[in-house]
Amino acid sequence: MSARGFSGSVIATLVLLALLLLGPCILPIYWTMIVTEIFIMGLFSMSFNLLFGFSGLLSFGQAGFFGIGAYTAALLIQTGFPSLWLIIFCSVLVAALFALAIGYLCVRRDEIFFAMLTLGFGMMLFTIAHNWRELTGGSDGMPLCSVPPVRLPGIEWSLFPPVHVYYFTLFWTAAGVFILWRVVRSPFGLMLTAVRENKQRLAFVGADVSRIRLAAFVIAGGLAGLAGVLFCVFNRMATPDFMHWAFSARPVLMTILGGSGVFFGPAWGAAIFFCLEQLVTAFTENWMIVLGLILIPVVIFFPQGIVGTLVQWLGDRKESRS
Amino acid sequence: MEAFAVNLLNGCSWGMLLFLIAVGLTTVFGVLGVLNFAHGSFFMLGAYGSMQIMHLFNSFWLGLLVGPALIALLGMALEMGLLRRVYGRDVSYQLLLTFALLLVLDDAVRIIWGPAYHVVEAPPLLAGSFAFFTHSYPVYRLFLVAAGPLLGLCLWAFFRFTHWGKIIRAAAMDRDMAEGVGIRVPLLFTLVFGLGTWLAAVGGALAAPHQSVGPSMGERVIIESFIVVVVGGLGSFPGAFVGALILGLIESFGTVFAGRAQMALPYILLAVVLLLRPRGLFGREA
């Protein structure tokens, strides 16, 4: 990427961020909440794409870590933990620890095996949440009566108005995206790409492929957990559905829609997903069949996703002009 | 002792159903190299399709014969129209395409047959139960215990001894070489995908009187058959048999010994096998 292109993308990101900060002033409350959900699922999808797009690992169990984050937060809030900062920190930590244990078993296998293993372990977490009634409330889930306010020196910020939740979510999503951006641009990020491109060669030059993959899995799991915490605060509820494999499939679908090769692709995919859902559910209840019918041509003809294809098309045009 | 025998039979009958489904999954993977996410949906379609035909003609056997055949035709059409386009691609995209198929098929079932559960009666020949110690045990389950290995044996003999079986194995081993000696591999792939779909649909048709027919029945089955093929070894015939049997038995005995933790047992099995023998019980070294 040229220096000009780099600063261009930074400027574009800042402009977008400014627009998002203004969002609730322009948008009606209903759409403010939908955009909040897009942030959460966008972060979730981007954390998934650290595995899929950057490391070539297709995980079908990320909802497990998302749910772990949500449940840890719900449990801590229910026991009356006062500090939201600590709750978030602990939830992300617990999700990352689960990712460490499960990832240790999964990263040794490739492709299809990896997909099936993550699916299996994700469903194991779902089963636990579903059946351990005393701890998690079973299939009823854990409703939250109150959420502690955000405490900064001198300010107390209640998380009851949806607009406050919007800014809260925006802050943490931006933080999560920043972490991902740093990871992807670090030497470690290059190693991840090398794992995707040719793991034999990487192993031959002395790198520990499993360890690199495990590190990516833990980062992705932790950030999925962060998204889970945000979703729990947004929803005021943690339910076993958060861990079901149908939920794991969401970041997969959003990433495919947006494009796995572009850094912000999955987040755009999330935006496309929710807007389409709003559009389709106005006409029919059977949103999944529509989604499937959209995905089939995307997978066959535009494997780079909608945003990925657009970016490539623009790039080609620029090249042919110069 | 008595409870033990009942659990044993229960485990075997579910295990044999799982075997039929998993063997289709493993065959398609072994030959085409595609792991079919929609396999559970074909299982469900098999159950619904044969149920519909049973209702129309009032015959279980006709449903069992015609229903799965129709679903197999659908599978072949999907292979020719969609799957064929992604063979050269990364496996992730094949998995994603079959996942999109799953979304479409599952929702289609919900649109056509509604969200309600249906009960399918066993055919008169296999209805009723027989005295088993002090219990009575349904004849139908015993039929399943026998039907699974029988079909499996036929399949094994087909692959081992017949001309077509040899051609399929050759194409699975080396696609280019098979094409080189004049085998029409694309046609073969379509037929094998049809066979895999047929096996799933037969499993569904046979499962219909064993459990209720509902829109979420494919979901449980796809995850369990994934576990079976990983535990047994992906692409392995005996692996699918042993894996299915182990899983069936774990589930039926789990309700007795593990209580509520029973639902987690399959995943624990998965973890243990992977730790001790990552390629599965009967899998070849990758």
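The values are calculated or read from the model by the stated rules, or taken from the named source; none is laboratory data. Given the structure is predicted, the values throughout are model-derived calculations rather than measurements. As a convention, Cβ positions derive from the backbone with ideal geometry for all residues, glycine included, and neighbour counts pool all protein chains shown.
Taking segment B:11-129 and the helices (runs of 4 or more DSSP H) fully enclosed by it, the elements with 1 or more residues that are within 11 Å of another protein chain (Cβ to nearest Cβ) and within 15 Å of B:Ile222 (Cβ to Cβ) are at B:39-57, B:91-113. Say we look at segment A:272-289 and pick out the residues that are away from every other protein chain (no Cβ under 13 Å) and assigned to a loop (DSSP other than H, G, I, E, B); which of these is surrounded by the most Cβ atoms within 10 Å (Cβ to Cβ)? Once the filter is applied, the top-ranked residue is A:Phe283. The condition of being under 14 Å from A:Leu51 (Cα atoms), of a type in the set (Val, Ile, Thr), touching a residue at least 60 places away in the same chain (Cβ under 8 Å) and buried (at least 21 other Cβ atoms within 10 Å of the Cβ) does not hold for A:Val92.
None of B:Ala127, B:Ala131 is more than 24 Å from B:Gly75 (Cα to Cα), without any contact (Cβ under 8 Å) to a residue 12 or more places away in the chain and not polar (S, T, N, Q) except B:Ala131.
Considering segment B:228-241, the residues that are closer than 12 Å to B:Ile21 by Cα and within 11 Å of chain A (Cβ to nearest Cβ) include one that is surrounded by the most Cβ atoms within 10 Å (Cβ to Cβ), namely B:Val228. On the phi > 0 side of the Ramachandran plot and touching a residue at least 60 places away in the same chain (Cβ under 8 Å): does that describe A:Gly61? Answer is no for this residue.
Filtering A:Gly103, A:Gly120 for residues that are away from chain B (no Cβ under 11 Å), at pLDDT 80 or above and in contact with a Leu (Cβ under 7 Å, 6 or more places away or on another chain) leaves a single hit, A:Gly103.
A:Thr255 meets the conditions (1) in a helix (DSSP H, G or I); (2) within 14 Å of chain B (Cβ to nearest Cβ); (3) of a type in the set (Val, Ile, Thr); (4) more than 21 Å from the chain's Cα centre (by Cα) in every case but one. The failed one is (4).
Screening B:Ala77, B:Ala69, B:Ala47 for residues that are modelled with pLDDT of 85 or more and farther than 24 Å from B:Leu125 by Cβ leaves exactly one candidate, B:Ala77.
Residue-wise test of (1) surrounded by fewer than 18 Cβ atoms within 10 Å (Cβ to Cβ); (2) acidic (Asp, Glu); (3) in a helix (DSSP H, G or I).
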{"site": "A:Leu58", "(1), (2), (3)": "no, no, no"}
{"site": "A:Gly67", "(1), (2), (3)": "no, no, yes"}
{"site": "A:Leu119", "(1), (2), (3)": "no, no, yes"}
{"site": "A:Glu134", "(1), (2), (3)": "yes, yes, yes"}
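Taken over segment B:1-56, residues that are surrounded by fewer than 24 Cβ atoms within 10 Å (Cβ to Cβ) and under 11 Å from the mean Cα position of the chain (by Cα) amount to 1. Among residues of segment B:247-270 that are within 12 Å of another protein chain (Cβ to nearest Cβ), those with a Cβ under 8 angstrom from a residue that is assigned to a helix (DSSP H, G or I) and among the aromatic types (Phe, Trp, Tyr), sequence gap 6+ or separate chain, pair up as B:Tyr267/A:Phe121; B:Leu270/A:Phe121.
For segment A:168-211, how many residues meet the condition of being free of Cβ contacts under 8 Å to residues at least 60 places away in the same chain and of a type outside the set (D, E, K, R)? Of the residues in segment A:168-211, 19 are free of Cβ contacts under 8 Å to residues at least 60 places away in the same chain and of a type outside the set (D, E, K, R).
When A:Met123 is tested against (1) closer than 14 Å to A:Leu214 by Cβ; (2) touching a residue at least 12 places away in the same chain (Cβ under 8 Å), only condition (1) is not met.
Only a single criterion out of (1) more than 14 Å from chain B (Cβ to nearest Cβ); (2) surrounded by fewer than 20 Cβ atoms within 10 Å (Cβ to Cβ); (3) within 24 Å of A:Met46 (Cβ to Cβ) is not satisfied by A:Phe302, namely (1). You will find that of A:Ile34, A:Ile38, A:Ile87, the residue that is in a helix (DSSP H, G or I) and closer than 17 Å to A:Leu257 by Cα is A:Ile38 and no other.
Among the residues of segment A:141-167, just one is without any contact (Cβ under 8 Å) to a residue 24 or more places away in the chain and in a helix (DSSP H, G or I), namely A:His164.
The residue list A:Ser91, A:Ser55 contains one member that is under 30 Å from B:Arg279 (Cα atoms), polar (S, T, N, Q) and out of contact with any Pro (no Cβ under 9 Å at 6 or more places or on another chain), which is A:Ser55. Checking A:Val229, A:Val233, A:Val205, A:Val209 one by one, the residue that is surrounded by fewer than 18 Cβ atoms within 10 Å (Cβ to Cβ) and more than 16 Å from A:Leu57 (Cβ to Cβ) is A:Val205 and no other. Could you identify the single residue in A:Gly269, A:Gly292 that is at pLDDT 85 or above, farther than 22 Å from A:Trp181 by Cα and within 14 Å of chain B (Cβ to nearest Cβ)? Answer to the selection: A:Gly292.
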